[in-house]
Ligand SMILES: Cc1ncc(COP(=O)(O)O)c(C=O)c1O
């Protein structure tokens with residue numbers, strides 16, 4: 001079937017909830033996607049932060065193949081070495097004492113919400129309110145969607161889960177007004193992804209900790225996008241003076257297979273009892289085997305230092321570009337290889353021009369180009385990105401009036 005035939009069949013048979021790109025991918029390797037004609041595209045989207053180690057990573061493939069030979073699935077009545085290994089690695093590398101595995105990010109958020117509410121109930125009846133942040137994104141299931149701080153994701157599906165209040169990011173006074181003794185948890189992304197790569201500031205994060213302590217509320221860090229080396233630390237909260245009580249992880253955890261996790265601090269490990277929560281597929285052994293291969297690599301300090309060096313190279317190049325095209329390139333935000341570039345109304349045009357030149361870009365929140373390349377991207381590939389992006393800016397600048 002031709003590429004255009006496949007796109008037609010796709011729209012004929014699949015529910016129309018995704019904005020598909022016209023590019024039909026035949027294969028993928030490293031940081032490149034390849035179409036049916038053999039044309040290569042440098043991928044600065046990285047499966048929206050899933051392909052942390054790029055495509056076709058040999059260690060991930062070997063881990064998957066090894067586990068496939070043994071078994072693909074057991075029910076959660078049975079223990080599995082692959083699952084226990086990954087849980088041990090997560091516990092040893094973080095604040096957490098225990099792990100609950102899910103199939104997706106949104107399910108990890110649901111588990112966090114349930115645990116936080118049950119914990120609140122036990123403290124005092126009615127201690128079930130939750131504070132979350134405007135513009136946040138936590139997922140598509142009802143709890144996670146209700147936590148999400150964007151009305152357009154929630155309103156069509158109202159009524160949402162009650163007891164959730166949103167405050168603007170970095171607004172300390174609003175936060176003080178929202179967190180009370182009836183608050184059981186504060187949910188946050190330390191760097192918001194979907195809303196255009198917006199970091200929390202140190203004062204706000206410090207106030208989260210102070211208020212959580214004062215009102216006996218849990219801090220839930222959603223690290224589904226920021227986690228696993230993306231920001232140049234294993235988890236992004238390590239950039240701040242913050243230790244969460246719960247943390248949600250997903251995206252790159254399964255090396256491309258569906259896997260999420262809720263990490264739980266020691267003192268909370270008995271909040272949920274057998275039968276109170278669970279998942280048929282959560283903690284699939286093949287996905288966990290891939291996860292161990294991912295975690296082993298991304299938790300290596302040398303790997304994380306490499307991500308931070310890549311950030312420097314990108315930021316230097318982008319700041320040159322800012323000077324050259326101030327009418328196009330605005331603020332550059334974020335950490336590590338999670339950077340957002342404000343480009344205003346030029347975003348879609350830049351994305352289209354880049355695609356024509358063999359460069360894949362993600363646009364989020366309409367005006368922001370969000371870079372989430374594989375963390376394994378080489379300096380030469382970063383230079384290649386800067387070169388192609390410069391060409392796109394030059395073309396837009398030339399035809400600025402046509403945007
Ligand atoms: C911060 C954050 N939380 C939660 C989710 C939801 O994850 P999933 O799509 O795996 O359910 C996402 C996905 O983009 C995310 O970026």
- Item | Cα long-axis angle, helix 202-215 against the chain (0 to 90 degrees, to the nearest 10) | 20 degrees
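May I ask for the percentage of alpha-carbon pairs in the chain that lie more than 33 Å from each other?
34 percent
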- Share, in percent, of DSSP beta bridges within the chain that are antiparallel, nearest 5: 65 percent
- The Cα extents of the range 63-126 along the principal axes, largest first and rounded to whole Å, are 50, 24, 21
- Query: Semi-axes, largest first, in whole Å: what does sqrt of 5 times each Cα gyration tensor eigenvalue give for the range 255-301?
  - Reply: 24, 16, 6
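Using Cβ counts within 10 Å as a stand-in for footprinting exposure, how do 385, 157 rank, fewest first?
157, 385
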- Item | Å³ per residue enclosed by the Cα convex hull of the range 257-339 | 171 Å³
- Message: Given R₀ = 41 Å, what would the calculated FRET efficiency be for residue 66 paired with residue 324, taking r from the Cβ atoms and rounding to 0.05?
- Response: 0.25
- Note on the structure: Note on the range 100-210: the mean projected area of its alpha-carbon convex hull, in nm², is 7.1 nm²
- Efficiency by 1/(1 + (r/R0)^6): what FRET value for residue 98 and residue 124, r their Cβ-Cβ distance, R0 = 41 Å, to the nearest 0.05? 0.95
- Query: Which of 121, 166, 237, 277 comes first, and how do the rest follow, when ranked by fewest Cβ neighbours within 10 Å?
  - Reply: 121, 277, 166, 237
- Message: To test your reading of the geometry: what angle, between 0 and 90 degrees and rounded to tens, separates the Cα axis of helix 347-356 from the longest principal axis of the chain?
- Response: 60 degrees
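Please tell me the relative contact order of the chain in percent, rounded to the nearest whole number, where contacts are Cα pairs under 8 Å and at least six residues apart.
Relative contact order, the chain: 21 percent.
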- Message: Can you tell me the orientation of helix 81-92 relative to the chain, as the angle in degrees between its alpha-carbon axis and the longest Cα principal axis, to the nearest 10?
- Response: 90 degrees
- Label-point separation in nm, residue 216 to residue 2, each point 7 Å along Cα→Cβ: 6.8 nm
- Task: Would you kindly calculate the mean projected area, averaged across all directions, of the convex hull enclosing the Cα atoms of the range 277-320, in square nanometres?
- Result: 5.1 nm²
- Mind checking the full-extension length gain between residue 209 and residue 18? Use 0.36 nm per residue of separation minus the Cα-Cα distance, one decimal, nm. 65.0 nm
- Task: Report Rg (one decimal) and Dmax (nearest whole number) for the range 128-266, counting Cα atoms only, units Å.
- Result: 14.2, 41
- Message: Please rank 127, 150, fewest neighbouring Cβ atoms within 10 Å first, as an exposure proxy.
- Response: 150, 127
- Using alpha carbon positions and the Kirkwood radius, the Rg to Rh ratio of the range 95-134 is 1.03
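If packing is taken as the average count of other Cβ atoms within 10 Å, what order do 212-219, 18-25 fall into, highest mean first?
212-219, 18-25
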- Query: Among bridges DSSP assigns within the range 58-298, what percent are antiparallel (round to 5)?
  - Reply: 45 percent
- Task: Taking the convex hull of the Cα atoms, report for the range 1-135 its projected area averaged over all directions, in nm².
- Result: 13.5 nm²
- Item | Value of Rg to Rh for the range 58-298 (Rh from inverse mean 1/r over Cα pairs, i.e. Kirkwood) | 0.97
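No lab work stands behind these numbers, since they all come straight from the coordinates. Please read all numbers here as calculations on a predicted model, not as lab measurements. Positions of Cβ are backbone-derived with ideal geometry, glycine not excepted, and every protein chain shown enters the neighbour counts.
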